[in-house]
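To keep things clear, I will list the structure first and then write my remarks on it.
The numbers here are math on the coordinates, done by the rules we state, and not lab data. Treat the numbers as computed from the prediction; the structure is a model and nothing was measured. A quick note on method: Cβ atoms are made from the backbone with ideal geometry, for glycine too, and the neighbour counts reach across all protein chains shown.
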């Protein structure tokens with residue numbers, strides 16, 4: 001029915017157009033008249049989501065309103081339903097709904113005019129819900145173990161994140177065993193899968209004790225990272241029985257997972273750095289401990305030697321005193337001995353006469369005339385003889 | 001992992017405790033020597049772990065019955 005309507009044809013009862021013909025013609029005119037999609041700004045009102053998942057609402061401003069439909073396949077990408085009165089931009093194709101003869105917009109994209117839009121809206125709602133349950137309390141944050149031996153990792157098995165984690169952990173802290181619980185991290189069903197993987201992580205901890213967990217993915221677009229802004233995923237992260245480092249590869253945007261995790265790292269590599277010590281540093285620490293141990297032993301040995309020396313010193317002092325005391329007594333004795341010495345007497349000018357046998361000749365009777373004898377004077381002996389009368 | 005072996009963290013904590021005791025307490029020489037020997041042994045063991053450790057990677061799987069399985073390799 002590409003031809004222009006023939007108004008006269010319509011006057012003949014048998015030539016009248018059907019309702020559908022007119023409605024379809026109107027749709028064609030509208031669709032060709034608007035040449036494709038256009039951005040429309042307005043306020044959402046009368047929002048209704050049908051069982052089918054399609055959204056119906058009216059876009060209005062102060063002067064007019066337009067009926068809108070957003071099919072389920074389009075609105076599925078959006079994080080939240082628009083609230084009553086929300087001001088939005090829609091990218092839409094004007095059309096006529098033939099069955100109702102109703103002019104309307106088929107919306108393919110919907111953004112709020114506020115910064116961050118619907119994503120922000122949903123995030124704020126989820127954040128409030130998490131805060132209400134105390135999941136964002138700073139006091140909930142657990143400390144990461146210093147020397148983990150088993151690290152659970154929830155990420156995509158074929159993403160760069162996992163490769164980075166494996167490579168860095170092997171270099172930094174090969175003492176830890178890495179346990180990957182693979183999951184989809186973006187796209188349809190990713191939320192469910194991440195929640196499932198976090199559950200597996202908890203059960204793994206029951207079988208093999210985990211020290212710490214890393215949950216995340218490499219960088220991506222805002223939409224790609226959205227899985228980690230899901231309230232369900234955030235709650236699953238909060239429920240992990242060991243400390244969690246979140247690593248949703250984005251430097252600037254903080255996700256809900258980051259908020260509930262015990263430590264937030266900007267990238268998976270940074271998560272490994274938070275969760276593990278550096279082997280070289282630990283080796284240096286051990287060297288330091290070793291020095292302290294050696295120093296202690298040396299100090300102990302020195303103290304023992306010192307004590308021994310002190311003891312020996314004490315002994316020596318005692319001995320010396322003894323000796324000194326002994327010495328002075330000896331000197332005193334010596335003096336007395338000296339005084340008594342016959343040599344002293346001789347020195348005073350006396351002499352001792354002795355016979356050849358050494359007997360001291362004390363009396364005249366012992367000194368017969370002509371008898372030879374020795375005379376001991378102070379500096380020696382001289383031979384002598386008793387004179388004949 | 002062998003269960004009887006203390007964790008690295010446990011070993012290091014014990015080593016630090018030994019040092020604290022050696023440095024702070026008035027121990028008799030026998031006790032000090034015993035602690036010293038233990039300290040040296042733990043140091044040796046910790047160092048060995050650091051130098052011989054090789055990265056291990058497992059994949060965690062869950063079978064239909066919900067049982068957790070670990071497979072080697074990345």
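A few remarks follow.
- R0 of 30 Å, Cβ-Cβ distance residue A:377-residue A:329: FRET efficiency to nearest 0.05: 0.40
- Cα-based helix-to-principal-axis angle, B:29-52 vs chain B, degrees rounded to 10: 30
- For the range A:278-340, the calculated P(r), taken from all Cα-Cα distances in 10 Å bins from zero up to the bin holding the longest distance, is 18, 19, 16, 14, 11, 9, 7, 4, 2, 0 percent.
- Computed label-point distance, nm, for sites residue A:160 and residue A:84 using a 7 Å Cα→Cβ extension: 4.7
- Gap separating the Cα centres of the range A:260-327 and the range A:191-252, nearest whole Å: 44
- Inter-chain Cβ neighbour count for B:58-64, averaged per residue, equals 6 (cutoff 10 Å, partner chain atoms only).
- Residue order for A:387, A:70, A:319, fewest other beta carbons within 10 angstrom first, comes to A:387, A:319, A:70.
- 12 Å cut-off, amide nitrogen to a point 7 angstrom out along residue A:167 Cα→Cβ, residues in the range A:235-279: A:269
- Rounded to the nearest 10 degrees, the angle from helix A:190-207 to the longest Cα principal axis of chain A is 30 degrees.
- Mean partner shielding of peptide A:170-182, defined as the number of other chain Cβ atoms within 10 Å of each residue Cβ, is 5.
- Length added when fully stretched, residue B:17-residue B:45, from 0.36 nm per residue minus Cα-Cα: 8.5 nm
- A convex hull fitted around the alpha carbon atoms of the protein assembly as shown yields 292 Å³ per residue.
- Rg/Rh for the range B:8-72, where both radii come from Cα atoms and Rh is the Kirkwood radius: 1.32
- Per-selection Rg to Rh, the range A:121-277 - Cα, Kirkwood hydrodynamic radius: 0.93
- Length gained when the stretch residue A:113-residue A:304 is fully extended (0.36 nm per residue, less Cα-Cα span): 60.6 nm
- Crossing angle, helix A:19-34 versus chain A [Cα axis fit, 0-90 degrees, rounded to tens]: 50
- When both the range A:55-80 and the range B:10-31 are represented by their alpha-carbon centers, they are found 72 Å apart.
- Taking label points 7 Å from Cα along the Cα-to-Cβ direction, residue A:34 and residue A:97 give a separation of 1.4 nm.
- With 10 Å bins beginning at zero, the pair-distance distribution over Cα atoms of the range A:9-113 amounts to 15, 42, 28, 10, 5, 0 %.
- Over chain A: helical MRE at 222 nm, DSSP H runs n ≥ 4 each giving -39500 (n - 2.57), nearest 500: -13000 deg cm²/dmol
- CD proxy at 222 nm, helix term only [per DSSP H run n ≥ 4: -39500 (n - 2.57); per residue of chain B; nearest 500]: -19000 deg cm²/dmol
- Mean Cβ neighbour count within 10 Å, used as a protection proxy, ranking A:347-355, A:167-175 highest first: A:167-175, A:347-355
- Per-residue mean of foreign Cβ neighbours for A:289-296 is 6 (Cβ atoms of other chains, 10 Å radius).
- Peptides A:368-375, A:198-205, A:187-194 ordered by average Cβ neighbours within 10 Å, highest first: A:198-205, A:187-194, A:368-375
- Two-decimal ratio, the range A:343-385, of alpha-carbon radius of gyration to 2.2 N^0.38 Å: 1.13
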